[in-house]
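The values are calculated or read from the model by the stated rules, or taken from the named source; none is laboratory data. Quick caveat: nothing in here was measured; it's all calculated off a predicted structure. Note that we place each Cβ from the backbone using ideal geometry, even for glycine, and neighbour counts take in every protein chain shown. Surface accessibility is based on the protein's heavy atoms, side chains included, excluding ligands, DNA and RNA. Shrake-Rupley method; radii C 1.70, N 1.55, O 1.52, S 1.80 Å.
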Amino acid sequence: MSLFADTLETLRSAGTAGGISDTLVKLLASPENVIEVGVPLRRDDGTTAEFRGYRVQHSSVRGPYKGGLRYHPDVDMDEVKALALWMTIKCAVVGIPFGGGKGGIAVDPKTLSPRELERLTREFTRRMSHVWGPDKDIPAPDLNTNPKIMGWIADEYAKIVGKPTPAVVTGKALEDGGIPGRDSATGDGGLIVLKKFLHTTPHSPPSTPSVIIQGFGNVGYGFAEAAARAGFRIVGLSDSKGGIWDKRGEGMDPENVMKTKQEQGHIAGCYCVGSVCDCTNYAPVTNAALLELPCDVLVLAALENQITKENAPRIKVKLILELANGPVTREADAMLHERGIAVVPDVLANAGGVVVSYFEWSANRLHERWDRARVSKELERLIGTAAQSVYTTAQQEKIDYRTAAYLVALRRLAEALHARQVK
Ligand code: NAD
């Protein structure tokens, strides 16, 4: 089943569990706008290449479309549609006034020089500028995109519309109108959610819970740093090249691991091509084996479809935190639930990024400057409240956390539709 069809199934079950009208579920089954463009690139050697670019504007029922841009060879329309639908749900779960969107380019950015990456991003912006805008559709970083790329988008968009418009994109560097704490927001939000579920639910933690993290990029590293500071023991880490395991269980220092990764792998353009595997003081493990090691919490911060019906029976943790989008398949989810392993779903667990993006967008629009303390306080408030609603809904309706999160979102979407008198 496709990722989009799989997500629709989750939506339908949540609708059925909560007695939500079929009309709303059917409406959400079809994205409002689907845009596909060719993005030509002049290579440094003078030749030309062409890549496919996508943007899906899923729903504007609760506000302008909001969602990241992904640069990855596997990006396709089905994936982008699923990611855009998740954004609609995510923004509704955390109660921020945005709808859902997502986009990307089917490209491996690590094969591009920094100048090629910039040219490709600017060309993509020119081809999308008519559908983007601070009141229409606001992109942000996702897999393989970063503050530098968001800065190029803001700059190119400003040239097109003839005035600085920083609110057209979020996740920018501070000097381009970004907000403190955006780079670590998804990880920070994930930790707030995790603590809430560990401390207010039956998943009783030991005093220093052990954590394994799959994925050591923007999200995984941000989470690792925040978790280590909060007293969690990081006993396993991985990236696309493999994993490392702290067999003694004392806990790794994520900053040191990142330093080694950057020192050992040379920096190519915007990307570090080193690996956590460069830390030779820990035992090497394969990516597959890392997921099956025993620990208290498994954090998935890489890609979708990582826990499937094949490896679900061998997962040994008490709780899974989905920081990536869609890392547990629908079939695996049911198997884990059956085995009493709690899954805190992506649409709640990784919403910290879009929440802080909302603060950045508001600050840009109001010409305000927020400090880090204000960002952290407001993030804690919004994400903490959302986590509590999902937990309470799960208890009241006797459903798993994913269904509960979708139900919270569907109820908010239904209210917004009702307010517009579309029934
Ligand atoms: P990133 O490109 O910065 O990092 C991805 C990491 O995953 C890298 O370390 C990469 O090496 C690793 N990886 C790739 N394949 C792997 C594999 N098979 N096994 C282990 N590790 C692997 O991307 P990111 O921004 O950190 O995004 C990660 C996930 O989080 C994505 O699913 C993304 O959609 C989601 N997400 C990101 C944000 C954000 O603000 N960046 C917000 C919400 C959700």
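So, in the range 138-149, exactly how many residues are more than 7 Å from the ligand (Cβ to nearest atom) and in contact with a strand residue (DSSP E or B) (Cβ under 6 Å, 6 or more places away or on another chain)?
Here is the first cut: in the range 138-149, the ones more than 7 Å from the ligand (Cβ to nearest atom) are 138-139, 145-149.
Those still in the list that are in contact with a strand residue (DSSP E or B) (Cβ under 6 Å, 6 or more places away or on another chain) too: 138-139, 145.
The qualifying residues number 3.
Checking each residue in the range 328-359 for being charged (D, E, K, R) and either touching a strand residue (DSSP E or B) at 6+ places or on another chain (Cβ under 9 Å) or within 18 Å of Glu9 (Cα to Cα) (or both) picks out Arg330, Glu331, Asp333, Asp346. Scanning the range 95-120 for residues that are open to solvent by less than 10 Å² (accessible area, probe 1.4 Å) and either under 20 Å from the mean Cα position of the chain (by Cα) or within 21 Å of Ala82 (Cα to Cα) (or both) yields Ile96, Phe98, Gly99, Gly100, Gly101, Lys102, Gly103, Gly104, Ile105, Val107, Pro109. Annotation: Asp296 fulfils all but one of (1) of a type outside the set (Lys, Arg); (2) out of contact with any Asp or Glu (no Cβ under 9 Å at 6 or more places or on another chain); (3) within 15 Å of the ligand (Cβ to nearest atom); the unmet one is (3). Checked against the criterion of being open to solvent by 20 Å² or more (accessible area, probe 1.4 Å), among the acidic types (Asp, Glu), in a loop (DSSP other than H, G, I, E, B) and away from the ligand (no atom under 12 Å from the Cβ), the candidates Asp135, Asp78 yield just one match: Asp135. Among the residues of the range 28-53, those that are under 16 Å from Leu69 (Cβ atoms) and charged (D, E, K, R) comprise Glu36, Arg52.
Which residues, taken from the range 15-29, are more than 30 Å from Asp135 (Cα to Cα) and part of a helix (DSSP H, G or I)?
Thr16, Ala17, Gly18
With respect to the conditions (1) modelled with pLDDT of 95 or more; (2) open to solvent by 60 Å² or more (accessible area, probe 1.4 Å); (3) within 18 Å of Leu191 (Cβ to Cβ), Pro313 falls short on a single one, namely (3). Exactly one residue among Ala167, Ala154, Ala140, Ala158 is open to solvent by less than 30 Å² (accessible area, probe 1.4 Å) and not in a helix (DSSP H, G or I), and that residue is Ala140. Scanning the range 319-359 for residues being over 15 Å from the mean Cα position of the chain (by Cα), small (Gly, Ala, Ser) and within 16 Å of the ligand (Cβ to nearest atom) gives a total of 1.
Kindly check whether there is at least one residue in the range 30-44 that is in a helix (DSSP H, G or I) and either surrounded by 14 or more Cβ atoms within 10 Å (Cβ to Cβ) or basic (Lys, Arg) (or both). So far as the range 30-44 goes, no, none of its residues is in a helix (DSSP H, G or I) and either surrounded by 14 or more Cβ atoms within 10 Å (Cβ to Cβ) or basic (Lys, Arg) (or both). Among all residues of the range 276-285, there is at least one that is within 10 Å of the ligand (Cβ to nearest atom) and surrounded by 21 or more Cβ atoms within 10 Å (Cβ to Cβ).
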